[in-house]
Amino acid sequence: MKQSWKPGTTIYPLPAVLVSCGNTPEEYNLITVSWVGTLCTNPPMCYISVRPERHSYEILRKNMEFVINLTTVQMAKATDWCGVSSGKNYNKFEKTGLTPKTAQIVKAPYVEESPLCIECKVREIISLGSHDMFISDVVNILADDKYINPKTGAFDMQKADLLVYSHGHYYETGKEIGKFGWSVQKKK
């Protein structure tokens, strides 16, 4: 039997990412976001949802570009800290020891310690209620060489030890149980 609950946001787990923003080192900031995802393959598009009262909101809105930095288990403490501390009060890169690096296309920095960094340009901002959605074009991806499978050229998510968020808690990803299409794949 299932219980009926009031409507809420219970689609979990989600990535726990650090979004870097700002056009100059004095403006650079990090914000932890879990409301992030893919919208379209062709053209490549994604989104982040941010509360308008967050310090990063105005930076994002003004510059209309950012970088989604995937996080690892090793980055968990810094990821959490960036989500509970305001960039109004701290230089988050200095406080966490994370390294801002110049992105290739956007002016916002990427996080050197991140295994995969997705450079984005905002196409549209939609006000939805508690959060505004930044619908964005993916303009470049920076993948750390140490996580690329030399045989396939694919990014190895397991090796990266990515961090996920589920209803107030952080987790590391588990073991692979299959690949896309494995349920219908013919046995040799």
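Some points to look at:
- Selected residue (criterion: farthest from the chain's Cα centre (by Cα)) from residues of the range 99-127 that are of a type in the set (Asp, Glu) and outside any loop (DSSP other than H, G, I, E, B): GLU124
- Failed condition for ILE141, given (1) of a type in the set (A, V, I, L, M, F, W, C); (2) assigned to a strand (DSSP E or B); (3) touching a Phe, Trp or Tyr at 6+ places or on another chain (Cβ under 7 Å): (3)
- Residue check, SER114 more than 25 Å from GLN74 (Cα to Cα) and of a type in the set (Ser, Thr, Tyr): no
- Taken over the range 7-55, the criterion of being touching a residue at least 40 places away in the same chain (Cβ under 8 Å), part of a loop (DSSP other than H, G, I, E, B) and within 25 Å of GLN74 (Cα to Cα) is satisfied by TYR12, PRO13, ALA16, GLY22, PRO25, TYR28, SER34, TRP35.
- Among residues of the range 89-110 being in contact (Cβ under 8 Å) with a residue 12 or more places away in the chain, among the hydroxyl-bearing types (Ser, Thr, Tyr) and in contact with a Phe, Trp or Tyr (Cβ under 9 Å, 6 or more places away or on another chain), the one that is surrounded by the fewest Cβ atoms within 10 Å (Cβ to Cβ) is THR99.
- Of all residues in the range 157-187, those that are closer than 26 Å to GLY83 by Cα, charged (D, E, K, R) and in a loop (DSSP other than H, G, I, E, B) total 1.
- Selection within the range 19-48 - surrounded by fewer than 17 Cβ atoms within 10 Å (Cβ to Cβ) and over 15 Å from VAL138 (Cβ atoms): ASN23, THR24, PRO25, GLU26, GLU27
- Complete set of residues in the range 142-156 that are out of contact with any helix residue (DSSP H, G or I) (no Cβ under 8 Å at 6 or more places or on another chain), more than 20 Å from GLY22 (Cβ to Cβ) and among the hydrophobic types (A, V, I, L, M, F, W, C): ALA143, ILE148, ALA154
Read the figures in this text as sums done on the coordinates, not as results from a lab. Please read all numbers here as calculations on a predicted model, not as lab measurements. Virtual Cβ from ideal backbone geometry, glycine too; neighbours counted across all protein chains shown.
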